[in-house]
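The values are calculated or read from the model by the stated rules, or taken from the named source; none is laboratory data. Since the model is a prediction, treat every value here as computed from it, not as a measurement. Ideal geometry is used to build each Cβ from the backbone, glycine not excepted, and the neighbour counts take in all protein chains shown. All accessible areas refer to the heavy atoms of the entire protein, side chains included, with ligands and DNA or RNA removed. Shrake-Rupley method; radii C 1.70, N 1.55, O 1.52, S 1.80 Å.
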Amino acid sequence: MKTEHLLIEIGCEDLPVWAGKHFIERFKLLFLEELSARRLAAGEIMFFFTNRRLVIFVRDLPSRSAAGQKEVTGPGFENSFDENGQPTRAAIGFARAHGVSISSLKVKNINGRKVVYIVKKIPGFSVSSIISGIFASVMKKIEIPRGMRWNNSKDVFYRPVRWILALYGKQKIDIEFGGIKSSRYTFGHRFLCPQKIKISDWKDYFDKTQKAFVVLGEDLREKFILNLLEKNIKNGESFEKSAAANLANLIEYPSVIRCNFPAVDYTIPEEVLRVLIEKANGVPIFRDGHLEKQFFVVCDGNSSEIVRINYENLLRTRILDAQFFFDSDISITLDEMKKKLDRIVFHQRWGTMAKRVERLRLLSSEISDILGFNTIFKNILVRAAELCKHDLASEMVREFPDLHGTMGAIYARHSGESKDVCEVISRYKYPVYSADPLPENDCAVVLGIIDRLDLICGFIAAGVDVSGSEDPYGLRRTASGFFSLVLKLGIELDYAGIVEKILDAYGVSGQDLVLSKKNIVEFLIQRFESYLDTEGFPKGLRTSVISIDRMDFVKTRKKLNAIRDFIIETKEADAILVPVTRVANILKQANEKGIVVSEFNSILLREAGEVALAKYYDRFSKMAEETLQNGDYSGFLGVISELKSPVDEFFSNVLVMCPQEQLKVNRLSLLKKFNDIFMKFADFSFIREEDIKNVRKN
Amino acid sequence: MEFQNIIISLEKYWINKGCFLWHPYATEVGAGTMNPATFFGILGKKKWNVVYLEPSQRPADARYGENPIRLYQHHQMQVILKPPPSDIQNIYIHSLKTLGIDVSKHDLRFIEDNWEAPTLGAWGVGWEVWLDGLEITQFTYMQQAGGIDLDPVSVEITYGLDRIACFLQGKQSVFDIDWGSNTNYGFLHQERERQYSFFGFKEANVELLWICFDGFEKEAKSLLEKKLFYPAYDYILKLSHIFNLLEARSSISVGERTRIIARIRALANLCAQQYIERGN
């Protein structure tokens, strides 16, 4: 079959910075689904985007879809033919409706019922008719947060669509969305090359857009910016790459200017200055960990002298503005600031931020005791909990929300709080993004844990639906940060108890408490599953441990690490784990068959294999329990390893599911004694061979 | 370019693009959106293209005339285009050229920003327009007003004239802006800013404001019962301004805040419905 590349460019008015990735994720899934439903096998599918265009590039798409066939089910057999085997009207009608003769009717069984069916041939279709058919419907299926309408088409998108380019090889494909019909034209950079450009095929497209000052790849733009910055950096200076990367999706053709700080007096801290620079398309420059009195600005296309002066003036205004906020913030006491928390809503049902702070204070004290921390630690934690939200009421944080925590610490220090408390206030909110470094300070970690769990519990108890694909309240991100901190703290603890304490602090009780707790636990376990997934633990492994340790996340992770290390370090891990899973599985099957396992009775032992295994039990259980008590999970797996030969011998020697009922039950009971101990560690019946392979692969 | 010429140039530009010239409203508003020419104009099916100046009062933004760009009253140039032409973004960019801004020599950005007027049940999707980092315009595809889905949608373009003038004249503070005819901005506004700041932050009589709020709400309701939605709307604007003053005076608790917004919005929604029912 002849194949060509398909290129679609959707030209838009300026997209939000998050739109490109959001689009790719959803479009790809829906589009490939539609293609495969139409038996059109695509090669690689690639995406590019800028703030003004979304580009879909499908390599090696056949010019026609494959022909296929499908079965169409008709009436039941009894209704289709009479006693003499003659077709009834129903059968004749069915055949006619599909344009086939009676003789091509076939009969099959569906759930024990005989029905008539035919095999229908589906012809192949041309790629252009398929793409024309599916494009708009895929576009309409994408759920767009804060989507908008802009014209009569009533189509909803991130921002208005203004042109569509669609080519298959050299052939134009007719598609339409948002009232725009596809063409052979694109546009270059808004100011550097604004004219309409005719495109003959995909090569021509990539060539001409590049010449028209459009850098299509996100990573290319990022590299482009980094190169420009490197070129302009002086000896001993540095900048944060992430600050530059954040700017890459707001532009089509980066340019960089080096600006000077404006001549203006200020006392605002460096942390604030830095945010002011970043807010104005800027990249701060550091030397020896401090801000230089110069900064970079990343522009879209133009970097003239006048632009530099304007950015410098802009920073001057921003500094004056921030100075006003800073002065008015430090002119009031922490207590006055606290009073303002009464005016900030946390949640409609749960009231103000002041109430939340009171809850955090209370929980900090209780949880500090549960974790067994000393008085010094506890005092720091409780004081930090009391002060950590104060800055939300400050002018500075209201203007620059990213400075929450940083300002809190600065204002607390200004009013004489201890260095330790300030450190906690400034660090407890991390990680905000998954790449953020975690706080080093245990107190900040604990406060971060309490703060996040309080938020999750409050929102879920208030009935926020967390089952959908979107995450409007950021609860998933919160949960992910929570797990990072819990694991960093590394203390084994059943967090279900903490959840109950928090719900109690919210005043949730009775039936409401039961239901809320259930929902919260479900949410957290599901999120932890996904957290462990991104850490590379295969499904069977995760489930085997989570099903036992549920809300003890640290224990779960330690066990998983132990299993992973065991699999990687032990060549015959499969061989060792197989008998264990075999025991678990045979018991599961027995249970499904309704066999009730009773007390093990040594008198009923018959075969040498079972006698040996029974004898082995005491030694095994003692060693296994000891390792578990010490939290020595690798040790536990070591003990398990030694089980291999007695268990193998047992299975090769003894027929468990034998005809004699009494013996069968007793053999199962013996296995159950072992399994009961396995189950203190993990439910091995969930671990499959491919899980073990996957661990090795990763 | 003088401040007064910026006003005239933009008005002329949009009149040439088919807008009619309207005027600022005769009561305090927080934004050009609140002028009936926008609130009612964007409702219904009829074509509606309008441009007008709107001095807008935001008591909480006041700075006693001491901050270079924060003001109790700032000046907006409001443009509504219903339905919007498909090259509206370029038409807007071109309007900057008439102010003498050669956009090809600057760093012009459209940064995601969705605008909402909660007391009016009005919101839309769009951008802050940045010129070399400075926010000079709010550009919005309005999606709802008075709780009603807009069909067709309108584009609302709101120029921040004070900032644009600073930019054009290279001034560090709005009070240094050359207003025109040998007058400067500070001369006209600085003392007003100082007094209104005192009024908004310290002196506005909270008790009286609450009495007015209840009374005006009653008046709006009874006018709406008689289907007199235009005068009723005036009272809604007064309610909205009182709400802003009470906020600046820190006299509204959290629970109250949500409830008050809901009270005003309920009335605005009624106005919008009655306007549609009148055959618009």
Could you list all residues from segment A:507-549 that are open to solvent by 20 Å² or more (accessible area, probe 1.4 Å), part of a helix (DSSP H, G or I), over 28 Å from A:Asp691 (Cα atoms) and not basic (Lys, Arg)? A:Gly510, A:Gln511, A:Asp512, A:Leu513, A:Val514, A:Leu515, A:Asn519
Would segment A:151-162 turn up any residue that is within 14 Å of chain B (Cβ to nearest Cβ), over 30 Å from A:Gly468 (Cα atoms) and under 34 Å from the mean Cα position of the chain (by Cα)? yes
Can you name the number of the only condition in (1) within 21 Å of B:Pro68 (Cα to Cα); (2) more than 35 Å from the chain's Cα centre (by Cα); (3) open to solvent by 10 Å² or more (accessible area, probe 1.4 Å); (4) more than 7 Å from every other protein chain (Cβ to nearest Cβ) that A:Asp335 fails? (1)
Those residues that are open to solvent by 10 Å² or more (accessible area, probe 1.4 Å), out of contact with any His (no Cβ under 7 Å at 6 or more places or on another chain) and not hydrophobic (A, V, I, L, M, F, W, C), I need them from segment B:31-56; list them, please. B:Pro36, B:Gly44, B:Lys45, B:Lys46, B:Lys47, B:Asn49
Identify, by number, the condition in (1) away from chain B (no Cβ under 14 Å); (2) open to solvent by 30 Å² or more (accessible area, probe 1.4 Å) that A:Ala136 doesn't meet. (2)
With respect to A:Gly631, determine if the residue is assigned to a loop (DSSP other than H, G, I, E, B) and either under 22 Å from A:Phe681 (Cα atoms) or under 45 Å from the mean Cα position of the chain (by Cα) (or both). yes
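State all residues of segment A:568-599 that are under 12 Å from A:Asn675 (Cβ atoms) and surrounded by 16 or more Cβ atoms within 10 Å (Cβ to Cβ); if no residue qualifies, say none. First the steps, then the outcome.
Quick first cut of segment A:568-599, residues under 12 Å from A:Asn675 (Cβ atoms) only: A:579-588, A:590-591, A:597.
Answer for segment A:568-599, where residues must be under 12 Å from A:Asn675 (Cβ atoms) and surrounded by 16 or more Cβ atoms within 10 Å (Cβ to Cβ): A:Pro579, A:Val580, A:Thr581, A:Arg582, A:Val583, A:Ala584, A:Ile586, A:Leu587, A:Ala590, A:Val597.
Considering only residues that are touching a residue at least 60 places away in the same chain (Cβ under 8 Å) and not in a loop (DSSP other than H, G, I, E, B), look in segment A:214-227 and name the one that is surrounded by the fewest Cβ atoms within 10 Å (Cβ to Cβ).
A:Glu218
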Of these, B:Phe187, B:Phe201, B:Phe216, which one is part of a helix (DSSP H, G or I), away from chain A (no Cβ under 14 Å) and either closer than 27 Å to B:Asp162 by Cβ or hydroxyl-bearing (Ser, Thr, Tyr) (or both)? B:Phe187
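Quick one: which of A:Ile344, A:Ile309 is open to solvent by 20 Å² or more (accessible area, probe 1.4 Å), within 10 Å of chain B (Cβ to nearest Cβ) and over 33 Å from the mean Cα position of the chain (by Cα)?
Values: A:Ile344 fails: over 33 Å from the mean Cα position of the chain (by Cα).
Answer to the check: A:Ile309.
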Wholly within segment A:1-107, which helices (runs of 4 or more DSSP H) include no fewer than the required count, namely at least 1 residues that are open to solvent by less than 60 Å² (accessible area, probe 1.4 Å) and within 14 Å of chain B (Cβ to nearest Cβ)? A:19-37
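Residue-by-condition table, conditions (1) open to solvent by 30 Å² or more (accessible area, probe 1.4 Å); (2) of a type outside the set (Lys, Arg); (3) more than 29 Å from A:Ser418 (Cα to Cα):
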| site | (1), (2), (3) |
| --- | --- |
| A:Trp350 | no, yes, yes |
| A:Lys355 | yes, no, no |
| A:Ser368 | no, yes, no |
| A:Asn379 | yes, yes, no |
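Among the candidates B:Ile91, B:Ile6, single out the residue that is open to solvent by less than 10 Å² (accessible area, probe 1.4 Å) and of a type in the set (A, V, I, L, M). Spell out how you get there, then give the answer.
Values: B:Ile91 fails: open to solvent by less than 10 Å² (accessible area, probe 1.4 Å).
Residue meeting the stated conditions: B:Ile6.
For segment A:284-303, which positions are on the phi < 0 side of the Ramachandran plot and open to solvent by less than 40 Å² (accessible area, probe 1.4 Å)?
Of the residues in segment A:284-303, the ones on the phi < 0 side of the Ramachandran plot are A:284-287, A:290-300, A:302-303.
Answer for segment A:284-303, where residues must be on the phi < 0 side of the Ramachandran plot and open to solvent by less than 40 Å² (accessible area, probe 1.4 Å): A:Pro284, A:Ile285, A:Phe286, A:Leu291, A:Phe295, A:Phe296, A:Val297, A:Val298, A:Cys299, A:Asp300, A:Asn302.
Residues checked against (1) among the acidic types (Asp, Glu); (2) within 19 Å of B:Leu10 (Cβ to Cβ); (3) surrounded by 20 or more Cβ atoms within 10 Å (Cβ to Cβ):
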{"position": "B:Ile148", "(1), (2), (3)": "no, no, no"}
{"position": "B:Ser154", "(1), (2), (3)": "no, yes, yes"}
{"position": "B:Asp176", "(1), (2), (3)": "yes, no, no"}
{"position": "B:Tyr185", "(1), (2), (3)": "no, yes, yes"}
{"position": "B:Tyr196", "(1), (2), (3)": "no, no, yes"}
{"position": "B:Lys202", "(1), (2), (3)": "no, no, no"}
{"position": "B:Val206", "(1), (2), (3)": "no, no, no"}
{"position": "B:Ile211", "(1), (2), (3)": "no, no, no"}
{"position": "B:Glu225", "(1), (2), (3)": "yes, no, no"}
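Test A:Lys211 against the criterion of being open to solvent by 70 Å² or more (accessible area, probe 1.4 Å), more than 18 Å from A:Leu6 (Cα to Cα) and at pLDDT 95 or above, and give yes or no. So that I can check it myself, show each step before the final result.
Values: open to solvent by 70 Å² or more (accessible area, probe 1.4 Å): yes; more than 18 Å from A:Leu6 (Cα to Cα): yes; at pLDDT 95 or above: yes.
For A:Lys211, the condition - open to solvent by 70 Å² or more (accessible area, probe 1.4 Å), more than 18 Å from A:Leu6 (Cα to Cα) and at pLDDT 95 or above - is met.
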Residues of segment A:550-580 that turn out to be in a helix (DSSP H, G or I) and modelled with pLDDT of 85 or more, as a count: 18
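Would you kindly identify the strands (runs of 3 or more DSSP E) lying entirely within segment B:9-121 that contain at least 2 residues that are within 14 Å of another protein chain (Cβ to nearest Cβ)? I'd like the intermediate steps shown before the answer.
Numbers: elements: B:48-57, B:73-82, B:108-112.
It comes to B:73-82, B:108-112.
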Residue hits (segment B:140-157; at the interface with another protein chain (Cβ under 9 Å from one of its Cβ atoms) and under 13 Å from B:Ile80 (Cβ atoms)) are B:Tyr141, B:Leu150, B:Pro152, B:Val153, B:Val155
If the requirement is being touching a Pro at 6+ places or on another chain (Cβ under 9 Å), within 14 Å of chain B (Cβ to nearest Cβ) and crowded, with 18+ Cβ neighbours inside 10 Å, which of these qualifies: A:Ala248, A:Ala322? A:Ala248
Unmet criterion (only one of (1) open to solvent by 20 Å² or more (accessible area, probe 1.4 Å); (2) assigned to a loop (DSSP other than H, G, I, E, B); (3) within 26 Å of A:Asp300 (Cα to Cα)) for A:Arg162: (2)
Scanning segment A:243-298 for residues that are in a strand (DSSP E or B), within 30 Å of A:Ile24 (Cβ to Cβ) and not aliphatic (A, V, I, L, M) gives A:Pro254, A:Ser255, A:Gly282, A:Phe296
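Yes or no, residue by residue, for (1) over 29 Å from A:Asn51 (Cα atoms); (2) open to solvent by 30 Å² or more (accessible area, probe 1.4 Å):
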position: A:Asn235; (1), (2): yes, yes
position: A:Asn260; (1), (2): no, yes
position: A:Ala263; (1), (2): yes, yes
position: A:Lys279; (1), (2): no, yes
position: A:Gly282; (1), (2): no, no
Is at least one residue of segment B:245-252 within 14 Å of chain A (Cβ to nearest Cβ), part of a helix (DSSP H, G or I), within 19 Å of the chain's Cα centre (by Cα) and small (Gly, Ala, Ser)? yes
Going by the conditions given, is B:Ile236 assigned to a helix (DSSP H, G or I), open to solvent by less than 50 Å² (accessible area, probe 1.4 Å) and within 30 Å of B:Lys82 (Cα to Cα)? yes
